[in-house]
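A.B. asks: What follows is a structure written as structure tokens; I'll ask about it next.
The values are calculated or read from the model by the stated rules, or taken from the named source; none is laboratory data. What you are looking at is a predicted structure, and each value in this text was computed from that prediction instead of being measured. Glycine also receives a Cβ, built like all others from the backbone with ideal geometry; neighbour counts cover every protein chain displayed.
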There are 2 protein chains.
Amino acid sequence: MTRVTAQLSVSLDGCYAGPRHTGDGNWMESAEAAAFFRVTRWATEATAWRERQGFDGGTHDADSEIVAEHFAAAGAYVMGRRMADGGEVPWGDEPPFRAPVFVVTHRPRETLVSGGGTSFTYVTDGLTSAVEQARAAAGGRDVAVAGGGSLVRQVLAAGLLDELELHVVPVVLGTGLRLLDAGLGLGEKEGIELVPTRVVHSPDVTHIRYAVTGRAPLLLDDRGRGGGRTTVG
Amino acid sequence: MTRVTAQLSVSLDGCYAGPRHTGDGNWMESAEAAAFFRVTRWATEATAWRERQGFDGGTHDADSEIVAEHFAAAGAYVMGRRMADGGEVPWGDEPPFRAPVFVVTHRPRETLVSGGGTSFTYVTDGLTSAVEQARAAAGGRDVAVAGGGSLVRQVLAAGLLDELELHVVPVVLGTGLRLLDAGLGLGEKEGIELVPTRVVHSPDVTHIRYAVTGRAPLLLDDRGRGGGRTTVG
């Protein structure tokens with residue numbers, strides 16, 4: 001059955017990039033880029049990621065297998081407009097997706113068919129529509145929300161996400177673009193509950209996979225007193 | 001050798017409690033409390049925590065062993081004033097620490113000797129002094145920064161922390177008191193690097209232990225191109 005999944009590399013404090021780059025400077029010289037490079041470095045060093053980009057070398061290890069697994073599981077992708085725009089040049093003629101990509105955007109554009117099985121379809125009638133179009137195109141495999149982080153957050157907030165895998169990188173940034181923040185629009189005393197279903201770890205990154213249960217109220221409890229006091233006088 | 005350690009229960013988005021309770025209402029009815037209860041529930045259900053509080057029952061499992069390990073490792077504690085004030089009544093005559101506790105505060109107060117080996121010494125000349133006094137009292141065991149979260153953050157920011165264990169609870173809060181935030185005072189393109197040294201996980205919580213390496217610049221890289229292109233035309 002097709003599930004809607006997302007995976008993202010984040011710092012230990014939950015940022016997928018540094019503070020948003022604004023103004024005229026070069027993005028590559030921004031704090032946003034420096035932090036993004038740091039949290040995604042484990043992937044760029046993985047054989048499975050490099051193969052998809054057309055690069056030699058890298059390390060074939062448990063981290064690389066995680067990358068390979070995500071590529072293999074995805075029958076179609078949903079992507080934010082900013083990520084799609086930013087990737088168009090570096091991904092070149094054979095983007096790494098090798099599957100249909102549905103880009104959530106306000107700007108109509110003809111479908112772009114690239115090499116290697118990747119196509120970009122521009123969806124202007126909203127996130128839910130993009131997810132449904134991807135589901136129809138996924139051939140029974142998963143719909144992967146490719147990012148960026150704000151799109152993953154929107155999919156989670158909308159209750160559309162079945163599975164979230166975070167690649168937690170052992171660096172603290174203090175500030176930056178957070179995947180999970182007030183933009184989720186949770187109520188007071190409300191959380192989104194998840195169940196961890198797998199943990200894989202290496203010295204470079206801890207991969208935690210969660211099944212998303214959904215919104216639930218945050219409740220008080222008796223702090224263990226229900227079990228009764230024992231010997232304290 | 002005595003190390004300075006800290007451990008804290010946090011949500012998947014890094015909050016140890018809900019948004020700070022302000023105003024006149026009852027803290028127990030606040031969003032701060034509701035989230036704090038949620039992220040610490042795994043501990044209150046653990047036998048090792050309950051024993052220290054004088055409560056029967058609970059579950060003796062891997063999570064409980066983590067709690068027991070932390071209590072056993074600590075030869076002395078450093079604690080924030082707010083946590084010490086808040087705990088004074090519920091901890092009662094036999095606080096769970098069973099070791100000297102050094103409270104960082106601006107208000108001088110005589111040392112309070114409680115039952116079971118716990119004492120509270122009020123340190124008014126700063127965090128570093130409190131850590132050093134705790135180190136001298138720890139008898140070769142660890143100095144544990146008991147919390148709250150803002151004190152743990154200060155100890156990390158000051159470069160005094162050797163080890164941090166996060167108990168990551170599978171709930172997303174969106175907003176709340178974050179352990180790791182801009183209060184760390186990191187520079188632009190600077191992070192605090194860590195090395196994960198152990199991961200223990202259960203359906204309720206993922207315990208990730210880190211050795212703190214320290215501040216380091218965030219660097220760019222060639223995004224894998226150094227390995228050379230292979231077959232992309």
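A.B. asks: Only residues in the stretch A:220-233 that are under 21 Å from residue A:189 (Cβ atoms) count as the first member; pair them with residues that are at pLDDT 65 or above and aliphatic (A, V, I, L, M), Cβ under 7 angstrom, at least 6 apart or cross-chain, and list the lot.
C.D. replies: A:220/B:28; A:220/B:33; A:220/B:34
A.B. asks: Is it fair to say residue A:126 is without any contact (Cβ under 8 Å) to a residue 40 or more places away in the chain, at positive phi and in contact with a Pro (Cβ under 8 Å, 6 or more places away or on another chain)? Break it down stepwise before answering.
C.D. replies: Values: without any contact (Cβ under 8 Å) to a residue 40 or more places away in the chain: yes; at positive phi: yes; in contact with a Pro (Cβ under 8 Å, 6 or more places away or on another chain): no.
It is false that residue A:126 is without any contact (Cβ under 8 Å) to a residue 40 or more places away in the chain, at positive phi and in contact with a Pro (Cβ under 8 Å, 6 or more places away or on another chain).
A.B. asks: Also, I was wondering about something else. Of the conditions (1) more than 9 Å from chain B (Cβ to nearest Cβ); (2) under 29 Å from residue B:189 (Cα atoms); (3) not in a helix (DSSP H, G or I), residue A:76 satisfies every one except a single condition; which number is it?
C.D. replies: Only one criterion in (1) more than 9 Å from chain B (Cβ to nearest Cβ); (2) under 29 Å from residue B:189 (Cα atoms); (3) not in a helix (DSSP H, G or I) is unmet by residue A:76, namely (2).
A.B. asks: Kindly indicate which of A:198, A:209, A:135 is of a type in the set (D, E, K, R) and surrounded by fewer than 18 Cβ atoms within 10 Å (Cβ to Cβ). Spell out how you get there, then give the answer.
C.D. replies: Numbers: A:209 fails: surrounded by fewer than 18 Cβ atoms within 10 Å (Cβ to Cβ); A:135 fails: surrounded by fewer than 18 Cβ atoms within 10 Å (Cβ to Cβ).
Every option except A:198 fails the conditions.
A.B. asks: Output the residues belonging to the stretch A:182-230 that are at the interface with chain B (Cβ under 7 Å from one of its Cβ atoms), on the phi > 0 side of the Ramachandran plot and not charged (D, E, K, R).
C.D. replies: Once the filter is applied, which keeps residues that are at the interface with chain B (Cβ under 7 Å from one of its Cβ atoms), on the phi > 0 side of the Ramachandran plot and not charged (D, E, K, R), the stretch A:182-230 yields A:224, A:228.
A.B. asks: Could you check the stretch B:83-112 and list, in sequence order, the residues that are surrounded by fewer than 15 Cβ atoms within 10 Å (Cβ to Cβ) and assigned to a helix (DSSP H, G or I)?
C.D. replies: B:85, B:86, B:88, B:89, B:90, listed by residue number.
A.B. asks: What strands (runs of 3 or more DSSP E), lying completely within the stretch A:148-233, carry at least 3 residues that are in contact with a Pro (Cβ under 7 Å, 6 or more places away or on another chain)? Steps first, answer last, please.
C.D. replies: Details: elements: A:163-169, A:190-201, A:206-217.
Once the strands (runs of 3 or more DSSP E) in the stretch A:148-233 are filtered for at least 3 residues that are in contact with a Pro (Cβ under 7 Å, 6 or more places away or on another chain), what remains is A:190-201, A:206-217.
A.B. asks: If I go through the stretch A:113-132 residue by residue, how many of them are more than 18 Å from the chain's Cα centre (by Cα), buried (at least 19 other Cβ atoms within 10 Å of the Cβ) and among the hydrophobic types (A, V, I, L, M, F, W, C)?
C.D. replies: Counting residues in the stretch A:113-132 that are more than 18 Å from the chain's Cα centre (by Cα), buried (at least 19 other Cβ atoms within 10 Å of the Cβ) and among the hydrophobic types (A, V, I, L, M, F, W, C) gives 2.
A.B. asks: Looking only at the stretch A:98-116, count every residue that is within 18 Å of residue A:71 (Cα to Cα), away from chain B (no Cβ under 14 Å) and not aliphatic (A, V, I, L, M) and tell me the total.
C.D. replies: If we filter the stretch A:98-116 for residues that are within 18 Å of residue A:71 (Cα to Cα), which is where we start, we get A:98-103, A:114-116.
Still in the list and also away from chain B (no Cβ under 14 Å): A:99-103.
Narrowing the set further to residues that are not aliphatic (A, V, I, L, M) leaves A:100, A:102.
Qualifying residue count for the region: 2.
A.B. asks: Moving to a separate point now. Would the stretch B:195-213 turn up any residue that is touching a Gly at 6+ places or on another chain (Cβ under 8 Å) and among the hydrophobic types (A, V, I, L, M, F, W, C)?
C.D. replies: Initially, the stretch B:195-213 is screened for residues touching a Gly at 6+ places or on another chain (Cβ under 8 Å), giving none.
Among the residues of the stretch B:195-213, not one is touching a Gly at 6+ places or on another chain (Cβ under 8 Å) and among the hydrophobic types (A, V, I, L, M, F, W, C), which makes the answer no.
A.B. asks: Still on this model: Would you please list the contacts, defined by Cβ atoms under 6 Å and residues six or more apart or on different chains, that run from a residue in the stretch A:51-63 that is within 11 Å of chain B (Cβ to nearest Cβ) and within 21 Å of residue A:98 (Cα to Cα) to a residue that is surrounded by fewer than 19 Cβ atoms within 10 Å (Cβ to Cβ) and among the small types (Gly, Ala, Ser)?
C.D. replies: Listed pairs, sorted by first residue: A:55/B:227; A:56/B:227; A:56/B:228; A:57/B:227.
A.B. asks: Further, regarding this structure: Output the number of residues of the stretch B:42-55 satisfying the condition of being charged (D, E, K, R) and buried (at least 21 other Cβ atoms within 10 Å of the Cβ).
C.D. replies: First, the residues of the stretch B:42-55 that are charged (D, E, K, R): B:45, B:50-52.
From what's left, buried (at least 21 other Cβ atoms within 10 Å of the Cβ): B:50.
Going through the stretch B:42-55 one residue at a time, the tally reaches 1.
A.B. asks: Would you confirm, using the coordinates I've provided, whether residue B:135 is assigned to a helix (DSSP H, G or I), modelled with pLDDT of 95 or more and within 13 Å of another protein chain (Cβ to nearest Cβ)? So that I can check it myself, show each step before the final result.
C.D. replies: Working: assigned to a helix (DSSP H, G or I): yes; modelled with pLDDT of 95 or more: yes; within 13 Å of another protein chain (Cβ to nearest Cβ): no.
Here the answer is no, as residue B:135 does not meet what is asked.
A.B. asks: Is it fair to say residue A:67 is closer than 21 Å to residue B:225 by Cα, within 11 Å of chain B (Cβ to nearest Cβ) and surrounded by 15 or more Cβ atoms within 10 Å (Cβ to Cβ)? Steps first, answer last, please.
C.D. replies: On the way: closer than 21 Å to residue B:225 by Cα: yes; within 11 Å of chain B (Cβ to nearest Cβ): no; surrounded by 15 or more Cβ atoms within 10 Å (Cβ to Cβ): yes.
Taking the combined requirement at face value, the residue does not satisfy it.
A.B. asks: Now for a separate question. Condition first: within 11 Å of another protein chain (Cβ to nearest Cβ), over 30 Å from residue B:54 (Cβ atoms), surrounded by fewer than 17 Cβ atoms within 10 Å (Cβ to Cβ) and among the basic types (Lys, Arg). Can you find one or more residues in the stretch A:171-181 that meet it? Steps first, answer last, please.
C.D. replies: From the stretch A:171-181, those within 11 Å of another protein chain (Cβ to nearest Cβ) are A:171-176, A:178-181; that's our starting set.
If we keep only those that are over 30 Å from residue B:54 (Cβ atoms) too, we end up with A:171-176, A:178-181.
If we keep only those that are surrounded by fewer than 17 Cβ atoms within 10 Å (Cβ to Cβ) too, we end up with none.
There is no residue in the stretch A:171-181 that is within 11 Å of another protein chain (Cβ to nearest Cβ), over 30 Å from residue B:54 (Cβ atoms), surrounded by fewer than 17 Cβ atoms within 10 Å (Cβ to Cβ) and among the basic types (Lys, Arg).
A.B. asks: In the stretch B:36-66, which residues are farther than 14 Å from residue B:10 by Cα and among the aliphatic types (A, V, I, L, M)?
C.D. replies: Those that are farther than 14 Å from residue B:10 by Cα and among the aliphatic types (A, V, I, L, M): B:46, B:48, B:62, B:66.
A.B. asks: Next question, about the same structure. Just name the residue that is surrounded by the fewest Cβ atoms within 10 Å (Cβ to Cβ) out of those in the stretch A:146-170 that are touching a Gly at 6+ places or on another chain (Cβ under 7 Å) and within 15 Å of residue A:214 (Cβ to Cβ). Reasoning before the result, please.
C.D. replies: Keep residues of the stretch A:146-170 that are touching a Gly at 6+ places or on another chain (Cβ under 7 Å), which gives A:147-148, A:150-151, A:153, A:157, A:159.
Checking which are within 15 Å of residue A:214 (Cβ to Cβ) leaves us with A:157, A:159.
On the way: A:157: 19, A:159: 10.
Residue satisfying both the conditions and the ranking: A:159.
A.B. asks: If the Cβ limit is 7 Å and pairs must be 6+ apart or interchain, which residue in the stretch A:108-120 that is on the phi > 0 side of the Ramachandran plot pairs with which residue that is surrounded by 15 or more Cβ atoms within 10 Å (Cβ to Cβ) and aliphatic (A, V, I, L, M)?
C.D. replies: Going by the 7 Å Cβ cut-off, the qualifying pairs are A:117/A:99.
A.B. asks: Only one of (1) outside any helix (DSSP H, G or I); (2) buried (at least 21 other Cβ atoms within 10 Å of the Cβ); (3) without any contact (Cβ under 8 Å) to a residue 40 or more places away in the chain; (4) not acidic (Asp, Glu) is not met by residue B:36, so which one is it?
C.D. replies: Residue B:36 satisfies all of (1) outside any helix (DSSP H, G or I); (2) buried (at least 21 other Cβ atoms within 10 Å of the Cβ); (3) without any contact (Cβ under 8 Å) to a residue 40 or more places away in the chain; (4) not acidic (Asp, Glu) except (1).
A.B. asks: Test each condition in (1) closer than 24 Å to residue B:33 by Cβ; (2) touching a Ser or Thr at 6+ places or on another chain (Cβ under 9 Å) for residue B:175 and report the one that comes out false.
C.D. replies: Of everything listed in (1) closer than 24 Å to residue B:33 by Cβ; (2) touching a Ser or Thr at 6+ places or on another chain (Cβ under 9 Å), residue B:175 misses just condition (2).
A.B. asks: A follow-up question, please. Looking at the structure I just gave you, is residue B:10 assigned to a strand (DSSP E or B), more than 23 Å from residue B:102 (Cα to Cα) and modelled with pLDDT of 95 or more?
C.D. replies: On the way: assigned to a strand (DSSP E or B): yes; more than 23 Å from residue B:102 (Cα to Cα): yes; modelled with pLDDT of 95 or more: yes.
When the stated conditions are applied, residue B:10 passes them.
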